[in-house]
Amino acid sequence: MREISFDQIREAISQMCIEANCLISEDIRCALKKAEQAEENPLGREVLGTLLANAVVAEEKMIPICQDTGMTVVFMEIGQEVHVTGGSIAEAVNAGVAKGYEEGYLRKSVVADPIRRENTKNNTPAVIHYNIVPGDKLSITVSPKGFGSENMSALKMLKPSQGLEGMKKFIVDTVIAGGPNPCPPIIVGVGVGGTMEKAAVMAKQSLLRPIGEKNTDPFWGSIEDDLLAEINKLNIGPAGFGGKTTAMAVHITPYATHIAGLPVAVNIGCHVTRHVHRDL
């Protein structure tokens with residue numbers, strides 16, 4: 001049994017919240033540079049250059065890449081040989097979020113109740129997803145999710161008879177409905193199968209896969225390629241100004257499902273799709 005303290009988790013989460021909001025991941029930086037070189041629309045190319053310049057300033061000054069510093073989503077893989085001391089994991093995560101958003105001068109965007117709308121003033125509570133795995137490590141991914149992109153996400157319980165074409169149509173239609181709102185170029189995360197909530201979580205997790213890594217199943221990898229090509233023909237383009245770079249990637253995660261169901265969830269990630277991973 002390995003012990004990990006409340007304080008270790010709190011401090012890790014605090015730093016990860018700041019880093020995720022101020023530092024662009026290398027795979028996304030490379031994808032934006034590649035898109036800038038390939039973009040044929042002059043205005044779209046200028047937007048991509050501005051996004052890259054903005055990321056450089058954010059890193060140099062350690063200030064947020066975007067004014068919407070998101071609602072903090074945390075994925076926890078907890079080794080079954082780990083024992084957390086000094087408090088609960090959820091308390092440690094929320095203490096870390098509060099500390100990071102205060103010390104990093106990050107905008108507090110969370111309201112305590114969806115109707116009464118009073119701000120919690122420290123960006124808590126976080127949305128935490130737990131997964132128990134073998135071993136003695138605690139793996140943490142912090143992904144602040146802005147709602148320009150989150151609001152453009154969607155879930156649909158398709159009929160099995162709608163099949164592959166119905167799934168693809170729903171994904172493309174979701175991107176069309178979003179238009180410029182999710183700050184393209186976007187990453188399209190898709191969860192297919194399971195149940196309603198399983199599909200939604202898989203869609204969000206799909207955003208965390210590095211750009212350039214296709215699904216290891218060739219069947220799903222080819223569908224990702226087809227959808228990316230179809231989406232990039234929509235001419236939404238960078239920031240919605242037109243061009244062939246509407247999306248940088250489509251990532252699909254499938255799962256077993258019921259004979260009567262075909263759940264499909266689409267989670268849209270903006271051009272930075274912020275996330276930081278750390279093992280304790």
Can you say whether residue 157 is in contact with a Pro (Cβ under 6 Å, 6 or more places away or on another chain), closer than 28 Å to residue 25 by Cα and either surrounded by fewer than 20 Cβ atoms within 10 Å (Cβ to Cβ) or at pLDDT 95 or above (or both), as far as the supplied structure shows? no
For the condition without any contact (Cβ under 8 Å) to a residue 40 or more places away in the chain, in contact with a Ser or Thr (Cβ under 9 Å, 6 or more places away or on another chain) and farther than 14 Å from residue 100 by Cα, what is the one hit in 77, 36, 3? 36
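Can you tell me which residue is nearest to residue 279 (Cα to Cα) among those in region 120-138 that are in a strand (DSSP E or B) and not β-branched (Val, Ile, Thr)?
Per the criteria, the residue is 138.
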Taking only pairs six or more apart or across chains, which ones have beta-carbon atoms under 7 Å, a first residue in region 123-138 that is outside the structural domain of residue 201 (by TED's automatic domain parsing), and a second residue that is assigned to a strand (DSSP E or B) and small (Gly, Ala, Ser)? 133/79; 134/79; 135/79; 136/79; 137/79; 138/79
Given (1) of a type in the set (D, E, K, R); (2) more than 15 Å from the chain's Cα centre (by Cα); (3) within 28 Å of residue 89 (Cβ to Cβ), number of the condition residue 68 does not satisfy: (2)
Among the residues that make up region 110-122, is at least one of them over 24 Å from residue 25 (Cβ atoms), assigned by TED's automatic domain parsing to the domain that holds residue 264 and of a type outside the set (D, E, K, R)? no
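Yes or no, residue by residue, for (1) of a type outside the set (Asp, Glu); (2) surrounded by fewer than 18 Cβ atoms within 10 Å (Cβ to Cβ); (3) closer than 30 Å to residue 244 by Cα; (4) modelled with pLDDT under 95:
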site: 8; (1), (2), (3), (4): yes, yes, no, no
site: 13; (1), (2), (3), (4): yes, no, no, no
site: 23; (1), (2), (3), (4): yes, yes, yes, no
site: 31; (1), (2), (3), (4): yes, no, yes, no
site: 37; (1), (2), (3), (4): yes, yes, yes, no
site: 43; (1), (2), (3), (4): yes, yes, yes, no
site: 51; (1), (2), (3), (4): yes, no, yes, no
site: 74; (1), (2), (3), (4): yes, no, no, no
Can you name the residue in region 226-280 that is of a type in the set (D, E, K, R) and farther than 16 Å from residue 215 by Cβ and is also nearest to the chain's Cα centre (by Cα) among such residues? 274
Return a yes/no flag: does region 33-51 have any residue that is touching a helix residue (DSSP H, G or I) at 6+ places or on another chain (Cβ under 6 Å), within 19 Å of residue 208 (Cβ to Cβ) and not aromatic (Phe, Trp, Tyr). no
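Here's the yes/no breakdown for (1) among the hydroxyl-bearing types (Ser, Thr, Tyr); (2) out of contact with any Leu (no Cβ under 8 Å at 6 or more places or on another chain); (3) more than 26 Å from residue 22 (Cα to Cα):
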site: 235; (1), (2), (3): no, yes, yes
site: 241; (1), (2), (3): no, no, no
site: 246; (1), (2), (3): yes, no, no
site: 255; (1), (2), (3): yes, yes, yes
site: 259; (1), (2), (3): no, yes, yes
site: 266; (1), (2), (3): no, no, no
site: 270; (1), (2), (3): no, yes, no
site: 276; (1), (2), (3): no, no, no
site: 280; (1), (2), (3): no, no, no
Mind telling me which of the residues 56, 47, 73, 110 ends up being closer than 14 Å to residue 143 by Cα and not charged (D, E, K, R)? 73
Which count do you get for residues in region 139-163 that are assigned to a helix (DSSP H, G or I) and touching a residue at least 40 places away in the same chain (Cβ under 8 Å)? 7
Only one of these conditions is not met by residue 54: (1) assigned to a loop (DSSP other than H, G, I, E, B); (2) out of contact with any Pro (no Cβ under 8 Å at 6 or more places or on another chain). Which number is it? (1)
Enumeration of residues in region 85-112 that are in contact with a Gly (Cβ under 9 Å, 6 or more places away or on another chain) and part of a helix (DSSP H, G or I): 92, 95
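The values are calculated or read from the model by the stated rules, or taken from the named source; none is laboratory data. Keep in mind the model is a prediction, meaning the values are calculated, not measured. Glycine gets a Cβ as well: all are built from the backbone with ideal geometry, and neighbour counts include every protein chain shown.
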